Amino acid sequence: MRLSTRHLLGIKNLTPNDIELIFQTADNFKEVLKRPIKKVPTLRDTTIVNLFYENSTRTRISFELAEKRLGADTINFVTSSSSVSKGETLIDTAQNILAMKVDMVVLRHSASGAPHFLSNHINAAIINAGDGTNEHPTQALLDAYSIREKLKSLKGKKVAIIGDIMHSRVALSNIYCLKKMGAEVTVAGPPTLIPKHIDSLGVHVTYNLKEALEWCDVANILRIQLERQNMPLFSSLREYSLFYGVNKALLDSLKKEITIMHPGPINRGVELSSDAADSHHSIILQQVENGVAIRMAVLYLLSGKQEV
C-alpha cells in the first residue's frame, strides 16, 4: 500500500487511511527497534537532507536517527554555517542540494507554507518538520500513535490540548489528526492564546483548566511560545502557571485518572510541574521513543520502496 500523497506537508492533506497506514508501518518498525541490531537496509542508496532553518533538538535528532536506522545517507544542513547567512534563498539552497542528487528533504522553516512552496519547485519528496505556526505533522502522528498505544484506540477518546493554541503548529496538526481518527478534542487556555473561530474545526473551547482535565482521557500540554508572540498576551509566567499549570496535586484531585503528554521542550514549573511530568500519568518519554518509529514509517512510505 502507498500513501495518497507524494509529500508530507501537513495532516490536512492526509486521509484516515493514510494515517492508519503510517501507524501500521510504525508498528513494524517498533519491532525492528527492539532488536539487538536496530538497522534495516530499506533506504540504502537513498540520500536525505535535513534542512533546518530553525533550532531543534528532538525533531532533528529523531529524523536523523530514523534515517540511519533505515540505512539512508544523511546530510544535516545548518543555516548558520551556510550560504543562507550570505543571503541565499530557500529555493536556491534546495536546488543546489538537489544538484547533488538528494532524494528527500526534511524541512523546518519559520515561514508558514515553506514546505508547500518548495514542493512546487523541486523534484524530491518533502517532509514538513514544522513550518511557522502552520503544521508539524510528524509530531501529531507520534502523539496520536502514542495515545493509540496507551488506550488501544483513538475513536471516541477525549483529548484536551492545553496552552498556547494560537502559536502552536503542534496544536493544529493534532486537531486535524485526532478528528480524522474519530477522537473528540477540546482546546483550553487563556482567551488571548486561543484563536477566534477555532471551533469551526469541530473542537470544543474552554478557558477553565479543571473543566478540561475533568472531561478528557488525555491532556496534551503545550508550552508558551514566547518567541512567536509579538505582544504581551498574559501578565506573567507566574500568573499563567497559577491558572493553567498542571501539577501532580491537580491530577490527583480529579475524579478519574488521565494520561498527560507534552511535545517538548517542557518549561518545568510553568505549564507542567516536574512531579507531574515524571509521574505515572505521563507518557512523554514514550512519545520520544515513538517519534523514531513514526518518522521511519513516513520516510519509508514516501520513498516508494516496496519492502521493509
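The values are calculated or read from the model by the stated rules, or taken from the named source; none is laboratory data. Because the structure is a prediction, the values reported are computed rather than measured. Counting neighbours? That spans all protein chains shown, and the Cβs are built from the backbone with ideal geometry, glycine included.
Would a scan of the range 258-266 turn up a residue that is surrounded by 14 or more Cβ atoms within 10 Å (Cβ to Cβ), touching a residue at least 24 places away in the same chain (Cβ under 8 Å) and in contact with a Pro (Cβ under 9 Å, 6 or more places away or on another chain)?
Within the range 258-266, not a single residue is surrounded by 14 or more Cβ atoms within 10 Å (Cβ to Cβ), touching a residue at least 24 places away in the same chain (Cβ under 8 Å) and in contact with a Pro (Cβ under 9 Å, 6 or more places away or on another chain).
Taking the range 1-21 as the search range and keeping residues that are in contact (Cβ under 8 Å) with a residue 12 or more places away in the chain and of a type in the set (S, T, N, Q), which one is surrounded by the fewest Cβ atoms within 10 Å (Cβ to Cβ)?
Out of the qualifying residues, it is S4.
Tell me yes or no: at least one residue of the range 29-39 is of a type outside the set (A, V, I, L, M) and under 24 Å from T93 (Cβ atoms).
No, the conditions are met nowhere in the range 29-39.
When you go through Y240, Y244 one by one, which is the residue that is modelled with pLDDT under 90 and buried (at least 20 other Cβ atoms within 10 Å of the Cβ)?
Y240
Give the residues of the range 7-40 that are under 28 Å from I97 (Cβ atoms), at pLDDT 95 or above and over 17 Å from the mean Cα position of the chain (by Cα), sorted by residue number.
Within the range 7-40, T25, F29, V40 qualify.
Is it fair to say L193 is under 24 Å from G269 (Cα atoms) and at pLDDT below 95?
Judged against the criteria, L193 is a match.
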